[in-house]
Amino acid sequence: MSARERAIRAEGLSKKFGLSLRQSMKYGLRDVARRLAGRASNSGQLREGEFWAVKDVSFELEQGVALGVMGVNGSGKSTLLRILNGVYAPDAGKVSLRGRVGSLIAAGAGFAPMLSGRENVYVNGCLLGLSPREVTALMDEIVAFAELGQFIDLPVKNYSSGMHVRLGFAIAALSRPDILLMDEILAVGDMNFQKKCFDHILQLKQQGTSIILVSHSPGAIWSVCNRAVFMDRGKVVLDGSAEDVIRAYEDQNARNAMESGEQFDRAQAAHGGSGRQGQLKAQYGHAMGGTGDAVCAAVRLVGWEDGAPKQVFGFAEPIQIEADIEVRSAQEDLLIRYTIDAAHYRFIATLDSYEQGLILPSVRRGNYRLRVSLHQQNFRPGAYTLNVGISRKSVAVHLFYWHNAARFQIEHPKHRFLYSDSNAVMHLDCEFELAQVTVASRF
Amino acid sequence: MDRKNKSIRVYEASGARLGVVSSLALAGRELYSARHVIWRLFVRDFVAGFRQRLLGYLWVLLAPLLGIASFVFMQQIGVLNPGRTEIPYPIFVYIGTSVWGLLLGAVTNVSGGLIGNADLVIRTSIPKIAFAVTGMATICYGLLVNLAVLLLLLAWFGRPPSAWALLYPLAVLPMLLLGVGFGLFLAVVGAVARDITGMFTTLLGLVMYLTPVVYATDFPNPVLKAITRWNPLTYLVDAPRSLFVLGRVPEPARYAWSSLACVLVLIAGVHAFYLIKDRVAERL
């Protein structure tokens, strides 16, 4: 097999934007004046109030290879795609693209609601770089792919959103470009149409089309891409296999969720909503409250080996939870409980002193340290929060409760790829076996 | 797939400094490569603009006639004194406003081409000049309609057009080029600072009163007279009108110089467009 030709070569691509519209206009007018005066551009330097949306991005892509681009919102993925599509001029660096570039950023771009689907196919096809003759030749294929039938002659304004995106996708995908740029486009239409899209993308790859897919969907990246890059604050921080990049992306998401949760807690506390700073609230509905007969002053998670406080744990890494508890008056049948929330679900696990065998029939007034050891945790990668509750067996109200008392993150394991569902929270090890059976032996 | 004969596109940060000739050559190449898009966008806007309208395409004919009705009415009741004109006033004002409309239309359509198609500019790699000039198709179409209406008007007044009327499209060409030149400059600068185009068109509205558009500018005031005389637009409006109806161009030398100025403005506009266009997409 001959060596594959290079389709894209990006070298040190950078693009900056102004933070505010006013600044953007000021710098814009200054740049305009410099250019009109024939003076050299200083676009490679950052001025006050500007930031790098894309910074020093370099990569190469061979013919027939698909590159995934992942990153949280604002990481520069779409800006990079627009530079590759020739929409934004880079402020530094250079990119070379070999062959016709098709862009699924533009799926459905320029559709005029008053015109029929057929008329819009011509407009959209020309926008994607096809000649009217090429559009005519592709028309039947486009109509069939978009599953529009006689509706192709209906004004687009009467199309359902599904018909609209199917037609947009069909035009772009069937134009058979040498390089295909896609931005979150594979989640269009129903399941059958999505399957058809994936099949078509695969076929394009086999025919030699190079693909760049920007997506937040690990499934889409894993299905389509041979390799991927992970972007953070405009920079490529990881260029590797799709699996490694998906791991990095999901870990970053979990880290962001944890940090934004902490920011929210701080803001809430600053507004006095939590009751942490003042008198303990004797009602439910606050971040912290209870009768105050026993309180938890602090909760921290610590590493198993060194006992140092930490928030980020590896997959299946043992966790220790330490809490400082003040019992303000002697208590009988004390119950101490942690509950754990995941990003999208509450109370996914509970760690209760009584359930775990710590029976506390009588606890005298004083300060205590509670240590809980989670030897075998099986949380899936993601962000979690820990809530604390103190109550008594004989009293059905909380002496103390504290929502979001601590936050922690479980990182992706290096040795296995947990891709199946980012909403799942627990990993259960099991054995799979697939054996062929006859129809007669079915259940 | 044929891997040979594949073009290589290169996008890089402010490469070689662009000269005037390079700008013009680039404009020519890009307009040619985007000719299908320009045509399709024109058809799209034209057809979409007339569908689901009560008067449909008839509106194209009625609009210019209604446009001059107010001036003719003011002249009839004595509010407007257009001065001495060799041509019946309705014809005078119709041609004057039509030619002026070409300038204004070219400026507003070309300058608004990028902002109006912002969605396409930031989602496709179509050359930006194609979006800027796509509105010119409407102007050219309007010119043809105006000619048809003008012939009807001349027939109504029993004034056959001169044989030189055939050169009318050529005679108004400088005005169109002037509008495109200003429009291209405003398309890129106006995308950075949005109020510049509005300021310019307001200014143009004032200049109209120093140009023989709706009245003959034989002002008694010597300053106004001098301004009118040195105003190149005077000749760009007068020449096509006189050529069409009277078969002659008053002050042909001044018309020629004015036309040359229009070409220079167009070249400056194209050059400015290509110097600045890279700064525009992110500000749309």
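Throughout, read-outs are computed from the coordinates displayed, never taken from laboratory work. If you're wondering where the values come from, they're calculated on a predicted model, not measured in any experiment. Heads up, the Cβs are rebuilt from the backbone with ideal geometry, glycines too, and the neighbour counts pull from every protein chain shown.
Step through the residues of the stretch A:354-366 one at a time and calculate ³J(HN,Hα) from phi using the Karplus curve (6.51 cos²θ - 1.76 cosθ + 1.60, θ = phi - 60°), rounding each to whole Hz and writing x for Gly and Pro.
Each residue's phi maps through the Karplus curve to give 5, 4, 8, x, 8, 8, 10, x, 8, 10, 7, 4, x Hz.
What angle, in degrees between 0 and 90 and rounded to the nearest 10, separates the Cα long axis of helix B:232-245 from the longest principal axis of the Cα atoms of chain B?
Between the helix axis and the principal axis of chain B, the angle is about 60 degrees.
Restricting to Cα pairs below 8 Å that are 6+ residues apart, what does the relative contact order work out to for chain A? Please round to a whole percent. Please list the in-between numbers first.
On the way: 878 pairs, mean separation 59.6, N = 443.
Value for chain A: 13 percent.
Report, by chain and number, residues whose modeled amide H sits under 5 Å from the one on A:VAL69, excluding near sequence neighbours (fewer than 5 apart, same chain).
Under 5 Å from the amide H of A:VAL69: A:LEU213, A:VAL214, A:SER215, A:VAL229.
What residues have an amide H closer than 5 Å to that of A:LEU335, excluding those fewer than 5 places away on the same chain, when H is modeled at 1.01 Å from N in the peptide plane?
Excluding prolines and chain starts, which carry no amide H, the hits are A:SER391, A:ARG392, A:LYS393.
Work out the FRET efficiency for B:LEU61 and A:ASP140 from their Cβ-Cβ distance, taking R0 = 56 Å, and round it to the nearest 0.05.
Numbers: r = 39 Å, r/R0 = 0.69.
Computed FRET efficiency for B:LEU61 and A:ASP140 comes out at 0.90.
Where Rh is the Kirkwood radius over the Cα pairs of chain A, the temperature 25 °C and the viscosity 0.890 mPa s, what D in µm²/s does Stokes-Einstein return? Mind dumping the intermediate values first?
Working: Rh = 26.2 Å.
Answer from the Stokes-Einstein relation: 94 µm²/s.
Restricting to Cα pairs below 8 Å that are 6+ residues apart, what does the relative contact order work out to for chain B? Please round to a whole percent.
Relative CO of chain B lands at 26 percent.
Most mobile of A:ASN404, A:ASN423, A:ASN192 per a Gaussian network model of chain A (Cα springs, under 10 Å)?
Per the Cα network of chain A with a 10 Å cutoff, A:ASN192 tops the list.
Under 1.5 on a/c is rounded, so check that first for the stretch A:276-410, then, if it is not, pick prolate when a/b is larger than b/c and oblate when it is not; a ≥ b ≥ c are the square roots of the alpha carbon gyration tensor eigenvalues. Present the calculation step by step, with values, prior to reporting the outcome.
Numbers: a/c = 1.81, a/b = 1.50, b/c = 1.21.
Taking the square roots of the gyration eigenvalues as a ≥ b ≥ c, the stretch A:276-410 is prolate.
Which of B:VAL237, B:GLY247, B:LEU143 sits closest to the plus end of the dipole of chain B, meaning its Cα is farthest towards the positive end, when Lys and Arg get +1 and Asp and Glu get -1 on the C-beta?
Toward the positive end, the furthest listed residue is B:LEU143.
On a straight-distance basis, which lysines could pair with A:LYS15 in a cross-link, Cα separation under 21 angstrom, same-chain partners fewer than 8 positions away excluded?
List returned: A:LYS26, A:LYS55, A:LYS77, A:LYS94, A:LYS235, B:LYS128, B:LYS277.
Enumerate by residue number the GluC sites (Glu not before Pro) in the stretch A:386-443 meeting two conditions: DSSP loop (anything except H, G, I, E, B), and at most 15 other Cβ atoms within 10 Å of the site's Cβ.
Working: sites: A:GLU411, A:GLU431, A:GLU433; in loops: A:GLU411, A:GLU431, A:GLU433.
Passing sites in the stretch A:386-443 are A:GLU431, A:GLU433.
Given +1 on the Cβ of Lys and Arg, -1 on the Cβ of Asp and Glu, and no further charges, what dipole in debye does chain A carry about its Cα centre, rounded to the nearest 20?
Values: 50 positive and 46 negative charges, 296 e Å.
For chain A, the charge dipole is close to 1420 debye.
Report the local net charge at A:LEU46: Lys and Arg +1, Asp and Glu -1, summed over other residues whose C-beta lies under 11 Å from its C-beta.
Values: positive: A:LYS16, A:ARG47, A:LYS55; negative: A:GLU48, A:GLU50, A:ASP91.
The answer is 0.
Going out from 0 in 5 Å bins, what whole percent of all Cα-Cα distances in the stretch B:155-199 drops into each bin?
5, 18, 15, 13, 11, 10, 8, 9, 8, 3, 0
Would you mind working out the magnitude of the charge dipole of the stretch B:152-284 relative to its Cα centre, with +1 at each Lys and Arg C-beta and -1 at each Asp and Glu C-beta, to the nearest 20 Debye?
Numbers: 10 positive and 6 negative charges, 21 e Å.
For this selection, approximately 100 debye.
Through the Karplus equation 6.51 cos²θ - 1.76 cosθ + 1.60, θ set to phi - 60°, convert the phi angles of the stretch A:262-270 into ³J(HN,Hα) values in whole Hz; use x for Gly and Pro.
5, 4, 5, 4, 5, 5, 5, 5, 5
Other chains' Cβ within 10 Å of A:77-84 residues: what's the mean? It would help to have the intermediate numbers written out before the result.
Values: counts 0, 1, 1, 0, 0, 5, 1, 3.
Mean number of neighbouring Cβ atoms from other chains: 1.
Go ahead and run the numbers for FRET between B:TRP39 and A:ARG34, Cβ-Cβ distance against an R0 of 45 Å, rounding to 0.05. Walk me through the intermediate numbers first.
On the way: r = 36 Å, r/R0 = 0.79.
In this case the efficiency is close to 0.80.
Average partner chain C-beta neighbours within 10 Å, per residue of B:118-130? Before the final figure, lay out the partial values.
Values: counts 0, 3, 6, 2, 8, 13, 13, 15, 9, 1, 2, 0, 2.
The shielding value for this peptide is 6.
Treating the angle as unsigned and between 0 and 90°, give the value, to the nearest 10°, between the Cα long axis of helix A:191-206 and the longest Cα principal axis of chain A.
60
Using the Karplus equation 6.51 cos²θ - 1.76 cosθ + 1.60 (θ = phi - 60°), what ³J(HN,Hα) coupling, rounded to whole Hz, does each residue of the stretch A:367-377 give in order, writing x for Gly and Pro?
9, 9, 10, 9, 10, 10, 10, 9, 6, 10, 8
Quick one: which residues, 5+ away or cross-chain, put their amide H under 5 Å from the amide H of A:ALA92? H built at 1.01 Å from N.
Correct list: A:SER14.
Using every pair of alpha-carbon atoms in the stretch A:103-256, split the distances into 10 Å bins beginning at 0 and state the percent of pairs per bin, rounded to integers.
Each 10 Å bin holds this share of Cα pairs: 11, 38, 30, 16, 6, 0.
Using a cut-off of 13 Å between beta-carbons, work out the net charge of the residues near A:SER241 (Lys and Arg +1, Asp and Glu -1, A:SER241 not included).
On the way: positive: A:ARG227, A:ARG247, A:LYS414; negative: A:ASP239, A:GLU243, A:ASP244.
That sum, taken over residues with Cβ under 13 Å, equals 0.
Report, as an integer, the average count of C-beta atoms from other chains found within 10 Å of each Cβ along B:38-46. Can you show the working numbers first?
Numbers: counts 1, 4, 11, 5, 0, 5, 11, 2, 0.
Counting other chains' Cβ atoms within 10 Å and averaging over B:38-46 gives 4.
Among A:ASN256, A:ASN158, A:ASN124, which one shows the biggest mean-square fluctuation in a GNM of chain A, springs joining Cα atoms closer than 10 Å?
A:ASN158
Sorted by average packing, counted as other Cβ atoms within 10 angstrom per residue and highest first, what order do A:113-122, A:94-103 take? Please list the in-between numbers first.
Numbers: A:113-122: 20.1, A:94-103: 22.1.
Output ranking for A:113-122, A:94-103: A:94-103, A:113-122.
Report the calculated FRET efficiency for B:ALA253 and A:HIS271 (r = Cβ-Cβ distance, R0 = 60 Å), to the nearest 0.05. Kindly include the intermediate steps, with their values, before the conclusion.
On the way: r = 78 Å, r/R0 = 1.30.
That gives a FRET efficiency of 0.15.
Using mean Cβ contacts within 10 Å as the protection proxy, how do A:221-231, A:351-361 order, highest first?
Averaged packing, sorted descending, gives the order A:221-231, A:351-361.
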